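One structure below.
A short reminder: the numbers here are calculations on the coordinates, not readings from a lab. What you see is a predicted model; the values in this text were computed from it and never measured. Methodologically, a virtual Cβ is constructed for each residue, glycine included, from the backbone with ideal geometry; neighbour enumeration extends over all protein chains shown.
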Amino acid sequence: MNATPQPGAAALWRWRPPSAALAILFAAIVGGALVFASGANPAEAYAQIFFGALAWDNLPNTLNWATPLVGMTLVAAIPLRGGMINLGGDGQMVIGGLVAAIIPIYLPGPGPLVATAALLGAAVAAGLYAALAAWGETRHGIPMLISSLLLSYPAVGVASYIVRFPLRDTATGLPQTALVPEAARLLTLSGALNVGLLIIAAIALVVLFVDRRTVAGFELRMRGANVRFAGYGGVRLDRQAMRVMFASGAIAGLVGAIIVLGSQFRFIDDALLTPSYTWSGLMAALLANGEPAGAILAGLFFAALQTGGFAMQRETSVPRVLTIVLQSIVILFLAVRHGVEKRS
Amino acid sequence: MTVLELEAKGIVKRYGALLANDRVDLFVGRGEIHAVMGENGAGKSTLMSILYGLQQPDEGRILLRGEEVHFRSALDAIAHGMGMVHQAFKLFNSLTVWENIVYGAEPRRGAFIDRRAARGGVADLAARRRLAVDPDAVVGKLSVGVRQRVEILKALYREARILILDEPTAVLTPQERDGLFHVMRRLAAEGRTILFVTHKLHEVMAITDRVTVLRDGRVVERMKTGETTAREIVRAMTGRSVSLNVDKAPARPGAPLLEAVDLTVASLGGKPLVDKVSLRVRAGEIVGLAGVAGNGQTELVEALVGLRRLDGGKALVGGVDVTGADVAARREAGIAYMPEDRATVGSALAASAADNLAMGFHRGPPLARRGLIDSAAITNRARALIAKFGVKIVSERAPVGSLSGGNLQKVVVARELSHEAPVLIAEQPTRGLDVGATEFIHRQLVAERNDGRAVLLVSAELSEILALSDRILVMYEGRILADVPQERASEETLGLLMAGRAPEAA
C-alpha cells in the first residue's frame, strides 16, 4: 500500500459540504416524507411555501414577519457570539412592548418625539432587565442560562397583570391597553410595512460593523472562542457580560416596541409571545453559531419558511406546523454533525 | 536480549492524511526496561495506545510472547497481561486505595463484593511487592507519588506482565522519582517488562536497558543504553545536534520590578493556598520558583497577574502598587505572562493565529484606533511575529488549534515577548515540549534577562530551574521555604525542600 495519500485525495477527504446547506436539504427530505405519509403531495406543499413567501405580492408579508424574527435573532446571536446565552427574550420583548404602549398613552407632545421616547424607553427598560441576568451571574454565580430564562416569567406575568387590571382598556374590556395615539405610531412605508423594518435593518448593520471592525467586537469574539483566554488577555469579563446583555435586551425591547407601535397599536396580553419569535430567533442564531451575518440570513430564511407555511396551510391540507418541524430538524441535524465532529 | 516478550511489526496508523505510525517495529525483551523516546508528534502516544488496545492499527501485527494478538479494547489488552499507568492518573479520589485497586476486578461472594478478601488481597500484594501503601487510605488524601504506586498496584493486581509508564516522573519530586526507579528495577528483576515513555534524557540514561527512538512516525534508532550517550539520543530524536546546556553570563540584577508582600490567597475552609508569600524579582535576573505541582505556585501567579483576588498582602510592579488592579491594568503596568496551560488559558484554539497574536494589543495603536480594529495591521504584525519566531503554520488565518504543542507555545511566547514588558512571568514554559522547542524557549528567556527584564520562572522541572535561574525559591504548601542562590543549589537539596523538609541551618 502507498504510505502517503495523494494530495488530491487528501483534499477531497477534508472537504465537507457546508453544514447548514446539508441540514436544510436533509430537513426538506424528512419533511417531504412526513407530508407524503400524511397523504399530501410534498412537491405541492413546498411550492406553496416557496411562492407564499417569495412571490412579489407576498414579499411585504414576509418582510413584516422577518422584522421581529431577525430582531430576535440578533438578540440571541449577540450573546452567543461571546459564548453566552440569553433565554429571556420573551420577557425583555414584553417589557419593551408594554413600556412602548404606556409612554405614548401618558406622555403628551408631538407624535414623532413621543414615538422616539417610547422606542428609547422600551430599549433601556428591557436592556436593564436583561443586564440583571448578567449581574446575577457575575455577582452571585447564577448561570445566565438559568437567570435569563427565569427572569422572563415574572416580566411576562406582571405585564399580563398590568393589562388585565390597572391598565385594562375600558372600551373593549379585553386584556389590553388603550390604543396608542395615531401621531405616535410608526410611519408606514407602504402597505403593511412600517419604519420598524428600517430600524431593525439599521441595527443589523450596526451589529455587523461592531462584530467585524471594532475592539468590542474583537473582544466578544475572543470570549466566544475561549473565555479564559479573553480574561487572561485583559478583557474585563464582568463588564463585558453586562454590556452585551444590555445590548441584547435593548434590541428585544425594541422589537416589542416596534410590534406595538407599528402593527398592533396597543399592548395586547400574549400577542407578542404567540408567534414565538424569541425561539425562532434563538434557533437562527444557533444555526450560525452566533456569527451575525449567518444568523441574519438564517433569520430571514426562517421568516420566509414560516410565512410560506401560512400560504401552504391555506392552499393545501398540510398544517403550517410542518414549517416548525422543518426548522427543528435543521437544528437537530446541525447539532448531530457538531457532536460527530467533536468526537472524531 | 534474552527472550522476546513483546514484538510489534510494521505498525501503521493513519489519521486522515497524517501518518502517525509508519511501519514501526518494536522489540522488547522479557525483564527489560525499554525507553520509547521521541519529540512531540513522533508517534509515541499512538504506538502506546495501540499496544494497550485503545486504538487499532491500520496495518501490522503485535506478538506477545511469540503469539499474535489482536486487542479490540484496553480490557482485552489487560486480559493479556498489559498494564498502563497514564500521565494523568485514572483513580477515584473519594474511594480508598483497596477499592481503587480492585475496581472492575472485585473478588465476589455471590452478588456481593467480598470486601474482606479484596482488602486482604490488596494488603498482601502491597507487602509482597514492597510497595508501601495503606489499603484503607482515601486516594484523594495521598501524595502524588503514592497515588502513582496505587496505579502500579492496580496493574499488578490484574497480573500485568508488561507495564507501560507514560511520562511517570513528570509529577514527582526527585526522591519520589528515585523510589519509582527502585520499584521499576525490582519489577524488571522479577521478569516483568517495562515500557518507559519519557522526554527526560537523564532518566533514560539512569534506568533503561534499551532505547527505541521515534521520529516522524518512524523508528530511527534502536540502541543499548549502555552503549550510547544522551547527546546521541538527542541527535536521533531531532535529527540534528542540540545544545543541552544553557550558556549565560553571571546576573547583574538591578532594581526590583516585581514584588509580593505577604501575599495571601485563602481557600474555602482549609489552609491558605498561598500563605503570606513575599518575593522580589529584580531587573536582569531569572528567579526560579520550584515546587511539586499543587503547592500554591499556580495560585500565586494568578494573584500576581490579576486573575485571582488577593485575600491579603500586596503586589507591586515596577514599584507601583497593583493590588487592586485588574488584568488589563497590570499588563499596562508591565507584566507579560506565559500561562501554565497554553491551550486553555494562553490561546483560543478556534481563533486564528492573527487574532491570538493580537490579544492584549488589540485596544490601542497600532492595531486599533478610536475603538476600531485595523485588520491590516493585525495581519502584518502576525506575519512578522510568525516569521521572527519561526512558527510553523500555513497562514496567519489558520486556527492555532491545528498547531503542535511546541508551535502553539511559540505563538504564546511571541505574543508575550513582543509586549517588551519589564516583568515576565513564565509558568511551565516548556512542559510537554520536545528538546528543540525547549532549547528555543530557554534561549528566549535568557535573552530577556540579559535585556534587563525581571523573569519569574515557575517550573516543576528541576533541571530547567537549575539551568536557567539565578536564584531559586522553593514553594511548599503555600509558603516559600527557601531562597537559594543558583551556585548553592543542587537537585538533592531542592528535592528535599520540595518535599517539605526544612532547610538545614547553613
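Taking the longest Cα principal axis of chain A as reference, the axis of helix A:111-140 is set at about 60 degrees. Using the rule -39500 (n - 2.57) for each DSSP H run of four or more residues, divided by the residues of chain A, the 222 nm mean residue ellipticity is -24500 deg cm²/dmol.
Extending 7 Å from the Cα toward the beta-carbon at both B:Val246 and B:Leu268 defines two label points whose distance is 3.7 nm. Only helices enter this figure: runs of n ≥ 4 DSSP H residues, each worth -39500 (n - 2.57), summed and divided by the residues of chain B, yield -9500 deg cm²/dmol at 222 nm to the nearest 500. Each principal axis of the Cα cloud of the stretch A:231-327 was taken in turn, and the coordinate range along them, longest first, works out to 58, 32, 18 Å. Model label sites at A:Thr214 and B:Glu232, defined 7 Å from Cα along the beta-carbon direction, differ in position by 6.5 nm. Radius of gyration over Kirkwood radius for the stretch B:34-149, both on Cα atoms: the Rg/Rh ratio is 1.03. Dividing the convex hull volume of the alpha carbon atoms of the protein assembly as shown by its residue count gives 233 Å³ per residue. For chain B, the relative contact order is 15 percent, taking Cα pairs closer than 8 Å that sit 6 or more residues apart in sequence and dividing their mean separation by the residue count. Working from Cα positions, state the angle (0 to 90°, nearest 10) between the long axis of helix A:89-106 and the longest principal axis of chain A. That works out to roughly 20 degrees. Kirkwood hydrodynamic radius for chain B: how many Å is it when counted over pairs of different Cα atoms? It works out to 24.8 Å.
With N counted as the residues of the stretch B:217-300, its alpha-carbon radius of gyration over 2.2 N^0.38 Å works out to 1.79.
As an equivalent ellipsoid, the stretch B:290-347 spans semi-axes of 19, 15, 10 angstrom, where each value is the square root of five times an eigenvalue of the C-alpha gyration tensor, largest first.
Subtracting the Cα-Cα distance of A:Arg164 and A:Asp238 from their residue separation scaled by 0.36 nm leaves 22.9 nm. Each semi-axis of the equivalent ellipsoid for the stretch B:248-295 is √(5λ) with λ an eigenvalue of the Cα gyration tensor; in descending order they amount to 28, 14, 5 Å. Between the listed residues A:Met84, B:Leu18, B:Ser469, the Cα displaced farthest toward the positive end of the dipole of the protein assembly as shown, a dipole computed from Cβ unit charges relative to the Cα centre, is found at B:Leu18. Dipole orientation for the protein assembly as shown: of the candidates B:Gly191, B:Val484, A:Leu167, B:Gly191 has the Cα lying most toward the positive pole (charges on Cβ; Lys, Arg +1; Asp, Glu -1). Summing Lys and Arg as +1 and Asp and Glu as -1 over all other residues whose Cβ lies under 13 Å from the Cβ of B:Asp134 gives a net charge of +2. Using 21 Å as the Cα-Cα cut-off, could you pick out the over-long pairs in B:Lys13/B:Lys90; B:Lys388/B:Lys410; B:Lys200/B:Lys388? In this structure, B:Lys13/B:Lys90; B:Lys200/B:Lys388 exceed 21 Å between Cα atoms.
Across all Cα pairs in the stretch B:156-235, the calculated P(r) in 5 Å bins from zero up to the longest distance comes to 3, 13, 24, 24, 20, 11, 4, 1 percent per bin. Among B:His70, B:Ala42, B:Thr438, pick out the residue whose Cα is farthest towards the positive end of the charge dipole of chain B, where Lys and Arg carry +1 and Asp and Glu carry -1 on C-beta, about the Cα centre. Farthest along the dipole direction, towards plus: B:His70. The ellipsoid equivalent to the alpha-carbon distribution of the stretch A:169-267 has semi-axes of 38, 17, 8 angstrom, derived from the gyration tensor eigenvalues as √(5λ) and listed largest first. Shown here for the stretch B:364-400: trypsin sites (Lys or Arg not before Pro) in loop regions (DSSP other than H, G, I, E, B) with at most 10 other Cβ atoms within 10 Å, namely B:Arg370, B:Lys392. Going through the stretch A:74-151, which chymotrypsin sites (Phe, Trp or Tyr not before Pro) have at most 15 other Cβ atoms within 10 Å and a DSSP loop state? Sparse-neighbourhood loop chymotrypsin sites (Phe, Trp or Tyr not before Pro): none present.
For the stretch B:456-499, the share of alpha carbon pairs falling in successive 10 Å distance bins from zero is 29, 66, 5 percent. With neighbours defined as other Cβ atoms within 10 Å of a residue's Cβ, the residues B:Val146, A:Val99, B:Val36 order from fewest to most as B:Val146, A:Val99, B:Val36.
For the stretch B:377-506, the normalised intensity computed at q = 0.11 Å⁻¹ comes to -0.47 (log10 of I(q)/I(0), Debye sum over alpha carbons, equal scatterers, no solvent).
Here the protein assembly as shown carries DSSP beta bridges of which approximately 60% are antiparallel, counting only pairs with both residues inside.
Loop-located GluC sites (Glu not before Pro) in the stretch B:389-420 (DSSP state other than H, G, I, E, B) with a sparse environment of at most 12 neighbouring Cβ atoms within 10 Å: B:Glu420. For B:Ile373, nonlocal amide neighbours, meaning residues 5 or more places apart or on other chains whose placed amide H falls under 5 Å from its own, are A:Thr214, A:Val215. When you restrict to C-alpha pairs under 8 Å that are six or more residues apart and normalise by the size of chain A, the relative contact order lands at 34 percent.
Counting charges near B:Ile11 (Lys, Arg +1; Asp, Glu -1) among other residues having Cβ under 9 Å from its Cβ returns a value of 0. Using Cβ point charges alone (K and R +1, D and E -1), the dipole size of the protein assembly as shown about the Cα centre works out to roughly 360 debye. Extents of the stretch B:250-383, largest first, come to 49, 37, 31 Å (Cα atoms, principal axes, whole angstrom). Here the calculated FRET efficiency for A:Phe51 and B:Ala88, from their Cβ-Cβ distance with R0 = 51 Å, stands at 0.30, rounded to the nearest 0.05. What translational diffusion coefficient, in µm²/s and rounded to a whole number, does the Stokes-Einstein relation yield for chain A at 4 °C and a viscosity of 1.567 mPa s, taking the hydrodynamic radius as the Kirkwood radius over Cα pairs? D, rounded to a whole number, is 60 µm²/s. Shown in residue order for the stretch B:367-372 are the 3J(HN,Hα) couplings computed by the Karplus curve 6.51 cos²θ - 1.76 cosθ + 1.60 at θ = phi - 60°: 7, 8, 9, 6, x, 9 Hz (x for Gly and Pro). Against chain A, whose longest principal axis comes from its Cα atoms, helix A:19-37 is set at around 80 degrees.
What does the charge count around A:Val156 come to, taking other residues whose C-beta lies under 12 Å from its C-beta (Lys +1, Arg +1, Asp -1, Glu -1)? Net charge around A:Val156: -3.
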